[in-house]
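Engineer: I'd like to ask some things about the structure below.
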Amino acid sequence: MTQTSAAPPAWTTRRATGCPFDPPPARSGLLGREPISRVTLWNGGTAWLVARHADQVALLRDERVSADNRRPSYPSLSAASEATRAHNRAFITMDEPEHNEQRRKFTGDFTIKRMEALRPRIQEIIDELLDAMEESGPPADLVTSFALPLPSLVICELLGVPYEDHAFFQRASAYLVDTRSTVEDALTASTELVEYLGDLVERKVSAPGDDLLSRLATGYLATGLSTREECANEARLLLVAGHETTANMIALGTCALLQHPEQLAAVRDGDPRLVAGAVEELLRYLTITHMGRRRVALADIEIGGTTIRAGDAVICAGDLANRDPEVFEDPDELRVDRQARRHLAFGSGPHQCLGQNLARVELQLAYPALLRRFPGLRLDRPLTEIPFRTDMAVYGVHELPVAW
């Protein structure tokens, strides 16, 4: 597979220079100057870019706003993401009542109670990965040695996906979230991943285990309530989202804390309540879903003094909402003792992230465990030489060389 060198439009990316944790200055300025503005998309189309926290919450909770990516004016991220939208047909891109009907298949597997029950196993995985890091010695790439394998192992156990196939699904996932991927490469990766997961779900009909895909196979595929394609598409969403987002939060959050020693010490030495609050603040401050939540207006909507017409594309820029001074005091500062639970890192409304409880548990365990095991943890190259993921739908770092 190959990749194009074309970069996404400048308004969608983080800064290539300066502070890599902040939205670009021109985009941040929209909060005060033009909180609802027209932007041009990769294909020449236009969308309303919504900056303010209150306006985004209102739109994301409004039934007159559609998440259906099959609509003609849906603001796809790239030509590749538009070409693969048939495989993206999962509950995250459905409207009510279909959205809730499909999402209900999985809500019982992601409750707070069930995620909390996973803490001992997640801690065990963390300890094993840190043991291996310590045994290998510095330097290490935190992404490949810790940040990526941790959520990959967890989501594989939860779904019932063999971890020995991780190289395949991580490679395929990378093409799906890379804004530079060609249509051909994205289609190939998406098709291969859906076929792999479809075969896996089918096998679990006759040989189920204690995992989510087995329950999907026996409760929906075997009974005819869902097709093989539907099961595979839902599994694809859960697998890709389950490791891509948390992996980047672990690595990028660690990188941010290393630039703020006092905040790092608080996370390393803090009690569980402080660490839980620090995770919310890091989610707010970093907002790794930096390409916005994309929607289409189904009716004329008046918001923030602007009329969004029926059929207009809408992008809710979560990274700007999470820096809104009307909601967060001194929003460009990282304060791990901040009460940041109003952040929109997981979205808002009926499409709020299904896996947020799992992500919280993983992050609450990962940061302090890493920092306590390696109290001398530091970057092994200057921050300016770290390759940040400005080219990906999920922000983070491609690699994070560290020493201790």
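Engineer: Probe radius 1.4 Å, ligands and nucleic acids ignored: give me the carbon and sulfur share of the accessible area of the chain as a rounded percent.
Structural biologist: Summing carbon and sulfur atoms, their accessible area is 50 percent of the total for the chain.
Engineer: Something else about it: From the alpha carbon gyration tensor of the stretch 246-346, can you work out the equivalent ellipsoid semi-axes (sqrt of 5 times each eigenvalue) and give them in Å, largest to smallest?
Structural biologist: Equivalent ellipsoid of the stretch 246-346: 32, 14, 10 Å, largest first.
Engineer: Counting helices only, and only those DSSP H runs with n ≥ 4, report the 222 nm mean residue ellipticity of the chain as the sum of -39,500 (n - 2.57) divided by its residues, in deg cm²/dmol to the nearest 500.
Structural biologist: Dividing the helical sum by the residues of the chain leaves -14000 deg cm²/dmol.
Engineer: Out of all Cα-Cα pairs in the chain, roughly what percent, to the nearest whole number, are more than 29 Å apart?
Structural biologist: 43 percent
Engineer: Also, I was wondering about something else. Among 330-336, 213-219, 108-114, 279-285, how do they line up by average Cβ neighbours within 10 Å per residue, starting with the highest?
Structural biologist: Going by the mean number of other Cβ atoms within 10 Å, highest first, we get 279-285, 213-219, 330-336, 108-114.
Engineer: I've got another one for you. Just to verify a number: FRET efficiency for ARG273 and ARG378, C-beta to C-beta distance, R0 = 35 Å, to 0.05? Could you put the intermediate results ahead of the total?
Structural biologist: Working: r = 27 Å, r/R0 = 0.78.
Efficiency, rounded to the nearest 0.05: 0.80.
Engineer: Label-point separation (nm) for THR188 and GLU116, each offset 7 Å from Cα along Cα-to-Cβ?
Structural biologist: 4.7 nm
Engineer: How far, in nm, would the chain grow between THR306 and ARG61 when pulled straight, counting 0.36 nm per residue and subtracting the alpha carbon separation?
Structural biologist: So the extension gain works out to 86.4 nm.
Engineer: Kindly rank 122-130, 375-383 from highest to lowest mean number of other beta carbons found within 10 Å of each residue.
Structural biologist: Sorting 122-130, 375-383 by mean packing, highest first, produces 122-130, 375-383.
Engineer: Can you tell me the accessible area per residue over the chain, all protein chains present, probe 1.4 angstrom, in square angstrom?
Structural biologist: 41 Å²
The values are calculated or read from the model by the stated rules, or taken from the named source; none is laboratory data. Since this is a predicted model, take the numbers as computed values, not measurements. No Cβ is skipped: glycine too gets one built from the backbone with ideal geometry, and neighbour counts run over all protein chains shown. The accessibility values were calculated without ligands, DNA or RNA, using every heavy atom of the protein model including side chains. Shrake-Rupley method; radii C 1.70, N 1.55, O 1.52, S 1.80 Å.
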